[in-house]
Amino acid sequence: MQIRQATSPREAKTFDTEQLRQEFLIENLMSGPAFTWVYTHYDRMLIGGLVPGTAAVTLPTYDALKSNFFLQRRELGVINVGGKGVITADGTDYSLEKLDCLYLSRGTKDVSFRSSDGSQSARFYLISTPAHAEHPTTLMKAKDSTVVELGSKEACNERTIYQYIHENGVKSCQLVMGLTVLAPGSIWNTMPCHTHDRRMEAYFYYDVAEDARVFHFMGEPSETRHMVLKNEEAIISPPWSIHSGAGTKNYSFIWAMGGENQSFTDMDAVAMKDLR
Ligand SMILES: O=C(O)C(=O)C[C@H](O)C(=O)CO
Ligand SMILES: [Zn+2]
């Protein structure tokens, strides 16, 4: 488990491309049947990935957590971006097709992951935040999520937001999670942009074409920086930072937030005139 310390905005504005990438970019998340985890010190969010075979892979605990089992004091949200897979939680099987989401309760002891078909592996993206109460383990199929249409063709930002774990959906302690799909011909996400000092956020870009890239923008509104991302890379967005991207083609991304307010619309909008 890799640890990422928090960075202040004063420090971030001195970073060159390499330093920005080291602090905020997560590469090689989906590297096979072994978990990849990054522990961020923003709201103690853990960001992980796993591509299991048809043999079940068990979620271990880690020294950094100093817990008897992974979910002893944590909750977990999982979205599958690959072929059909199964998550077994304390003896119950949950089947996830592409873009289905499973919320796992604090206190779940035995969790394992597997692909249903070895020729089309499941690709599990995982987010975990500290939890102080138990909410039921819940499967949400993509078709049952709360759907919000945003943007326009003229602004090249036509997109559909699918909300899974949020105050009016699957209940959690602090985790808020869902995904956004850009319409063909649209390239901008989250522009006009925003910050939310009450919550950090992570973006995981997926379904990005092999020859396409996403230019992800971060930083304080008056000190923006960018990083160039390819398919299945994630980016950590500190609470003080904007988070927005423009792709060379349409793409999709999973967003997840941890912090003290679960209201999706609690955002501090940044006016275009204030961006630098
Ligand atoms: O396309 C968008 O706009 C988003 O998906 C916004 C993210 O969900 C977000 O930043 C929520 O705070
Ligand atoms: Zn946001």
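Rule-based calculations on the coordinates, nothing more; no lab input. Note that the structure is a prediction, hence the values are computed from the model and not measured. Every residue, glycine as well, gets a Cβ built from its backbone with ideal geometry; the counts of neighbours run over all protein chains shown.
Considering only the stretch 128-149, state which residues are hydrophobic (A, V, I, L, M, F, W, C), farther than 17 Å from residue 261 by Cβ and surrounded by 14 or more Cβ atoms within 10 Å (Cβ to Cβ). Matches in the stretch 128-149: 139, 140, 142, 148.
Tell me, which residue of the stretch 219-238 that is in contact with a Pro (Cβ under 8 Å, 6 or more places away or on another chain) and crowded, with 18+ Cβ neighbours inside 10 Å is farthest from residue 39 (Cα to Cα)? Lay out the reasoning, then the answer.
Here is the first cut: in the stretch 219-238, the ones in contact with a Pro (Cβ under 8 Å, 6 or more places away or on another chain) are 219-220, 223, 238.
With the extra rule that they be crowded, with 18+ Cβ neighbours inside 10 Å, the set shrinks to 219-220, 238.
Numbers: 219: 20, 220: 23, 238: 13 Å.
The selected residue is 220.
Of all residues in the stretch 211-250 being among the acidic types (Asp, Glu) and over 18 Å from the mean Cα position of the chain (by Cα), which is farthest from residue 272 (Cα to Cα)? My answer is 211. Restricting 172, 152 to residues that are more than 10 Å from ligand 1 (Cβ to nearest atom), assigned to a loop (DSSP other than H, G, I, E, B), among the polar types (S, T, N, Q) and without any contact (Cβ under 8 Å) to a residue 12 or more places away in the chain narrows the list to 152.
Of the residues in the stretch 194-207, at least one is touching a residue at least 40 places away in the same chain (Cβ under 8 Å), among the acidic types (Asp, Glu), under 25 Å from residue 83 (Cα atoms) and assigned to a loop (DSSP other than H, G, I, E, B).
Looking across 228, 181, one residue alone is touching a residue at least 12 places away in the same chain (Cβ under 8 Å), assigned to a strand (DSSP E or B), closer than 28 Å to residue 14 by Cα and not acidic (Asp, Glu). It is 228.
Whether a residue is touching a helix residue (DSSP H, G or I) at 6+ places or on another chain (Cβ under 7 Å) and surrounded by fewer than 22 Cβ atoms within 10 Å (Cβ to Cβ) was assessed, and residue 185 does not pass this test.
In the stretch 239-276, the residue that is surrounded by the fewest Cβ atoms within 10 Å (Cβ to Cβ) out of those that are of a type in the set (Ser, Thr, Tyr) and in a strand (DSSP E or B) is 252. Kindly establish whether residue 269 is within 10 Å of ligand 1 (Cβ to nearest atom) and either of a type outside the set (S, T, N, Q) or within 17 Å of the chain's Cα centre (by Cα) (or both). Spelling it out, it is not the case that residue 269 is within 10 Å of ligand 1 (Cβ to nearest atom) and either of a type outside the set (S, T, N, Q) or within 17 Å of the chain's Cα centre (by Cα) (or both).
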